[in-house]
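The values are calculated or read from the model by the stated rules, or taken from the named source; none is laboratory data. Predicted model only: the values in this text are computed from it and were never measured. Neighbour counts are summed over all protein chains in view; Cβ atoms, including those assigned to glycine, are modelled from backbone coordinates with ideal geometry. Heads up: the accessible areas ignore ligands, DNA and RNA and are worked out on the full protein's heavy atoms, side chains in. Shrake-Rupley method; radii C 1.70, N 1.55, O 1.52, S 1.80 Å.
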Amino acid sequence: MISIDTFHLTPSTPGTLQSRIQQMVAQGILSGRFRAGERLPSSRALALHLGVSRITVTLAYTELVADDYLSARGRSGYYVSANAPEPPDFPARASGPGTVNWLELLPKSPSLGITKPADWASYRYNFIYGQSDPTLFDSANWRLCALQALGKRDFDSLTADQYDGDDPLLIDYITRQTLPRRGILAAPDEVLLTMGAQNALWLTAQLLTPNRNTVIEDPGYPALRALLSQTHTILTPLALDQDGLDPATIPPGTDVVFTTPSHQCPTTTTMPHARRQALLDRAEADNMLIVEDDYEFEMSFLRPAAPALKSMDKTGRVIYIGSFSKSIFPGLRLGYLVGPAPFIAAARALRASILRHPPGHIQRTTAYFLSLGHYDALIRRMSRAYHERRRVLDSAIAAHGLQVAGTGTYGGSSLWMRAPGVNTYELAARLRGVGVLIEPGAPFFAGSGGVTTEFYRLAYSSIPAGRIAEGVGLVGG
């Protein structure tokens, strides 16, 4: 039903009350705001709302029926006619073009660098990273957990404004189950829920990097580079070697280091234990802080994932970021920060100032999904499927002579590739024409040196195993 609050009589509009009501309804239909089959307010309700007589509204509706804008359905009321004029193809403007130069007024928005077509699922050979496979997700049990979270017992968690609080059930599971799997022991006041890892990175960057010297990996996560560009930090990208970030290359005076040691983004490199210890020793000696993004540790199907860098932290210098968005589904947007209590308290206050807390129903649904064992079952199912897809992908890559650039050791959902002498932007454009999607690697580089357009990423999170070999054949052809 069309909301009665969308109807307003403008005093400056010429004509009788009846003609003005007719014009108001007709304009709503012509602009596309009122659509065929939608019910209009009753003549009595609209008359009361507009402060006019009911007969005036009835006469206006009758004229609109005669012009086939509306149809009358007996006691059911009046509806937008199926034969009403179609709205124009161009988008309707709510007002004129305006006199504000927004390009000059607003700061330039940072570019994330990576673009993914909205119709990615329609491509037969979809090697795009970070997308879910609906055949793997346990939608039935997620639905049951969501219904359970809607029950009377959980009413407060669903409806209350927790201000800066988090769901105690979810925090309890993270501290007792999730973090110990990474070798991390944390108290509840050392954990903060976030709207995905991106929100966790933003909070951390806002608190730690303004007017300080910050190091990032190159190549690395483009969205991190974009958000750091807004914090007035002094940013230094460091090129990686076969073992990831080398602590010896970190320049003197560095305050904060962002790293993905267990599964480097995008190369998939795993930092060896000795280098992790060297990084922690360097941080202690130079009074640095380390931000560890531990994404995709769940997909350790080739061998057990290395313990988190945070598990080796004895002096409280590592801020840890985890997320459920990759392992459950990307649209969940639920992650968490782990760090010393004073840092978490500051992050909690900053979070409360912009979004209060992640939605209570999402938190409680996730808590049930985890605590009832559905999450672990999902991870096992995804790991088996990813392992098989990786096996097929490795075989196809070898068969077509493609070059793997990454040196990841334990799994994940993608491979970092190199095509010497090839511009992968042009390659990606050509492949889209035959139903293949790949990701050019240049956006991951910050420009610390070397050729960047030769790299690309092949992901296998959403492509069926049976299509991988043929798709790789097209990439190699």
Can you pull out the residues in the stretch 313-341 that are open to solvent by less than 30 Å² (accessible area, probe 1.4 Å), of a type outside the set (Gly, Ala, Ser) and out of contact with any strand residue (DSSP E or B) (no Cβ under 6 Å at 6 or more places or on another chain)?
Asp313, Phe324, Ile328, Leu332, Leu334
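Kindly indicate whether Ile468 is free of Cβ contacts under 8 Å to residues at least 60 places away in the same chain and assigned to a helix (DSSP H, G or I).
Numbers: free of Cβ contacts under 8 Å to residues at least 60 places away in the same chain: no; assigned to a helix (DSSP H, G or I): yes.
So Ile468 fails the test.
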Residue ID - most open to solvent (accessible area, probe 1.4 Å), chosen from residues in the stretch 362-386 that are out of contact with any Ser or Thr (no Cβ under 9 Å at 6 or more places or on another chain) and among the hydrophobic types (A, V, I, L, M, F, W, C)
Leu372
Residues that are surrounded by fewer than 22 Cβ atoms within 10 Å (Cβ to Cβ) and in contact (Cβ under 8 Å) with a residue 40 or more places away in the chain, drawn from the stretch 447-461
Gly447, Ser448, Gly449, Gly450, Thr452
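For Glu296, are the conditions met, namely being within 20 Å of Pro342 (Cα to Cα), touching a residue at least 24 places away in the same chain (Cβ under 8 Å) and among the charged types (D, E, K, R)?
Values: within 20 Å of Pro342 (Cα to Cα): no; touching a residue at least 24 places away in the same chain (Cβ under 8 Å): yes; among the charged types (D, E, K, R): yes.
No: the conditions fail for Glu296.
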Report, by residue number, each residue of the stretch 182-220 that is surrounded by 19 or more Cβ atoms within 10 Å (Cβ to Cβ), in a helix (DSSP H, G or I) and charged (D, E, K, R).
Arg182, Glu190
Residue satisfying all of: in the stretch 434-453; at negative phi and either in a strand (DSSP E or B) or modelled with pLDDT of 95 or more (or both); farthest from the chain's Cα centre (by Cα) among these
Val434
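Would you confirm whether or not the stretch 467-477 contains a residue that is among the small types (Gly, Ala, Ser), in contact with a strand residue (DSSP E or B) (Cβ under 7 Å, 6 or more places away or on another chain) and open to solvent by 10 Å² or more (accessible area, probe 1.4 Å)?
The initial filter retains those residues of the stretch 467-477 that are among the small types (Gly, Ala, Ser), namely 469, 471, 473, 476-477.
This time we only want the ones that are in contact with a strand residue (DSSP E or B) (Cβ under 7 Å, 6 or more places away or on another chain), so: 471.
After this cut, where a residue has to be open to solvent by 10 Å² or more (accessible area, probe 1.4 Å) as well, the list is none.
No, the stretch 467-477 contains no residue that is among the small types (Gly, Ala, Ser), in contact with a strand residue (DSSP E or B) (Cβ under 7 Å, 6 or more places away or on another chain) and open to solvent by 10 Å² or more (accessible area, probe 1.4 Å).
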If the Cβ limit is 6 Å and pairs must be 6+ apart or interchain, which residue in the stretch 343-365 that is closer than 30 Å to Thr315 by Cα and modelled with pLDDT under 95 pairs with which residue that is of a type in the set (S, T, N, Q) and open to solvent by 30 Å² or more (accessible area, probe 1.4 Å)?
His357/Gln162
Pick from the stretch 117-147 the residues that are open to solvent by 80 Å² or more (accessible area, probe 1.4 Å) and either touching a residue at least 40 places away in the same chain (Cβ under 8 Å) or more than 19 Å from the chain's Cα centre (by Cα) (or both): which of them is nearest to Val475 (Cα to Cα)?
Arg124
Flagged in the stretch 412-443 as over 20 Å from Leu393 (Cβ atoms) and either surrounded by 22 or more Cβ atoms within 10 Å (Cβ to Cβ) or touching a helix residue (DSSP H, G or I) at 6+ places or on another chain (Cβ under 8 Å) (or both), in numbering order, are Tyr425, Ala442, Pro443
Hey, Ile397 hits all of (1) in a helix (DSSP H, G or I); (2) within 30 Å of Pro117 (Cα to Cα); (3) modelled with pLDDT under 95 but one; which does it fall short on?
(3)
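Output the residues belonging to the stretch 124-151 that are small (Gly, Ala, Ser) and farther than 30 Å from Gly433 by Cβ. Can you show your working first?
Of all residues in the stretch 124-151, those small (Gly, Ala, Ser) come to 130, 132, 139-140, 146, 149, 151.
Of everything in the stretch 124-151, those that are small (Gly, Ala, Ser) and farther than 30 Å from Gly433 by Cβ turn out to be Ser139, Ala140, Ala146, Ala149, Gly151.
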Answer yes or no as to whether Ala72 is in contact with a helix residue (DSSP H, G or I) (Cβ under 7 Å, 6 or more places away or on another chain), hydrophobic (A, V, I, L, M, F, W, C), open to solvent by 60 Å² or more (accessible area, probe 1.4 Å) and free of Cβ contacts under 8 Å to residues at least 12 places away in the same chain.
yes
Are there any pairs, at least 6 apart or on different chains, whose C-beta atoms fall under 8 Å, with the first in the stretch 148-172 and at positive phi and the second modelled with pLDDT of 90 or more and among the hydrophobic types (A, V, I, L, M, F, W, C), and if so, which?
Tyr163/Ala352
Can you give me the number of residues within the stretch 4-30 that are of a type in the set (Gly, Ala, Ser) and either modelled with pLDDT of 90 or more or within 18 Å of Val65 (Cα to Cα) (or both)?
3
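Within the stretch 352-361, count every residue that is surrounded by fewer than 24 Cβ atoms within 10 Å (Cβ to Cβ) and closer than 12 Å to Leu193 by Cα.
Kept after step one, since they are surrounded by fewer than 24 Cβ atoms within 10 Å (Cβ to Cβ), are these residues of the stretch 352-361: 352-357, 359-361.
Still in the list and also closer than 12 Å to Leu193 by Cα: 352, 355-357, 359-360.
Residues flagged as surrounded by fewer than 24 Cβ atoms within 10 Å (Cβ to Cβ) and closer than 12 Å to Leu193 by Cα within the stretch 352-361 amount to 6.
Among the residues in the stretch 394-403, are any under 16 Å from Tyr129 (Cα atoms) and either touching a helix residue (DSSP H, G or I) at 6+ places or on another chain (Cβ under 7 Å) or surrounded by fewer than 14 Cβ atoms within 10 Å (Cβ to Cβ) (or both)? Please lay out each step first, then the result.
Keep residues of the stretch 394-403 that are under 16 Å from Tyr129 (Cα atoms), which gives none.
For the stretch 394-403, residues under 16 Å from Tyr129 (Cα atoms) and either touching a helix residue (DSSP H, G or I) at 6+ places or on another chain (Cβ under 7 Å) or surrounded by fewer than 14 Cβ atoms within 10 Å (Cβ to Cβ) (or both): absent.
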Please go through (1) under 25 Å from Pro304 (Cβ atoms); (2) assigned to a loop (DSSP other than H, G, I, E, B) for Met382 and return the number of the only condition it doesn't satisfy.
(2)
Enumeration of residues in the stretch 1-20 that are in contact with a Leu (Cβ under 7 Å, 6 or more places away or on another chain) and under 12 Å from Tyr61 (Cα atoms)
Gln18, Arg20
